[in-house]
1. With the requirement that a residue be open to solvent by 30 Å² or more (accessible area, probe 1.4 Å) and either in a strand (DSSP E or B) or among the β-branched types (Val, Ile, Thr) (or both), what does the range 216-240 give you?
2. In the range 196-215, what residues are open to solvent by less than 30 Å² (accessible area, probe 1.4 Å) and more than 19 Å from Val143 (Cβ to Cβ)?
3. Please enumerate the residues belonging to the range 164-177 that are more than 15 Å from the chain's Cα centre (by Cα) and open to solvent by 10 Å² or more (accessible area, probe 1.4 Å).
4. Could you list, in sequence order, the residues of the range 241-255 that are at pLDDT 95 or above and open to solvent by less than 20 Å² (accessible area, probe 1.4 Å)?
5. For the range 181-199, what are the residues that are within 28 Å of Glu235 (Cβ to Cβ) and more than 16 Å from the chain's Cα centre (by Cα)?
6. When only residues in the range 44-75 that are of a type in the set (D, E, K, R) and assigned to a loop (DSSP other than H, G, I, E, B) count, which is modelled with the highest pLDDT?
7. Within the range 217-237, count every residue that is more than 19 Å from Gln204 (Cα to Cα) and aliphatic (A, V, I, L, M).
8. Confirm whether Pro5 is within 14 Å of the chain's Cα centre (by Cα) and in contact (Cβ under 8 Å) with a residue 12 or more places away in the chain.
Amino acid sequence: MHAWPVVFSTAKKGNDPWEWEDGAASAPADVHGRGPRFAVADGATEGFGSTRWAMRLAEGFVAADVELTGRSLLDWASRAQHEWRHDPLLSGASGLELYKLDSVGAFATFLGCEFADLDGRPHWRAVALGDTVLFQVRHHRLVAQFPEMSADDFGVNPEGMPTARDALPDVIGQMRFARGDLAPGDLVYLATDAFAHWMVRERQKDEDRLWSVLSGLNHPQRFQTLVDDRRAAREMTNDDVTLMRISVAASWPDQLVVCV
């Protein structure tokens, strides 16, 4: 089987696109047998350097040789912290900003997913911290949600990955893990909190319509219109939004669509 992702995102209403503070990344299967990887992170607005931290986590997870175990994840997160602190866009900051680098730091929820054994018994494995959520959908029905959260579980202080070195061991211990089987035709969505919250509520009202809308997204402007409409209707929190949709199929598609 094969898997390919597409990412939709938008910043808070009133912000410029470059002020988007989430992160998203993917990497294909490699020659060593590791399956494709996907990651989404949501940087906290009140932090310093949150955008760089969210992207550092997402890009580092899909690129690094990380096993989904506590020890390996601790090593990966420690490297990410080091790289964040020495990021040229942050380390060359002013004196006040360097103070914030040390005293305030950054914080991000995180969800990383790996597809495995696509030529045998295909399945996904995932690790999560906070309220970035994975939804697995088959024939317009939810197969799995990870972490399992109700609509009322959003909006409270979520767990997240910090840049503070001393806090890291305890945070790694709070990570949650899950696994699920994959089948051709499955769609797997990774969504940051504002969009995930809306998805949970919409599924309760009309599940078939929700998955029809999301599977039909084929252009960034259609996603932007969806988010704008839901914000205007006060059904979605005005927050940075990211949705990664991963399609699973027995063969590669015969067409490629590029949005310009």
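1. If the condition is that a residue be open to solvent by 30 Å² or more (accessible area, probe 1.4 Å) and either in a strand (DSSP E or B) or among the β-branched types (Val, Ile, Thr) (or both), then Thr225, Thr237 are the ones that fit.
2. Trp198
3. Hits for the range 164-177 are Ala164, Arg165, Asp166, Ala167, Pro169, Asp170, Val171, Ile172, Gly173, Gln174.
4. Correct list: Val241, Thr242, Leu243, Met244, Ile246.
5. Asp186
6. Glu67
7. 2
8. Numbers: within 14 Å of the chain's Cα centre (by Cα): yes; in contact (Cβ under 8 Å) with a residue 12 or more places away in the chain: yes.
Answer is yes for this residue.
The values are calculated or read from the model by the stated rules, or taken from the named source; none is laboratory data. Predicted model only: the values in this text are computed from it and were never measured. Cβ sites come from the backbone with ideal geometry, for glycine too, and all protein chains shown count toward neighbours. Just the protein is used for accessible areas: all its heavy atoms, side chains included, with ligands, DNA and RNA removed. Shrake-Rupley method; radii C 1.70, N 1.55, O 1.52, S 1.80 Å.
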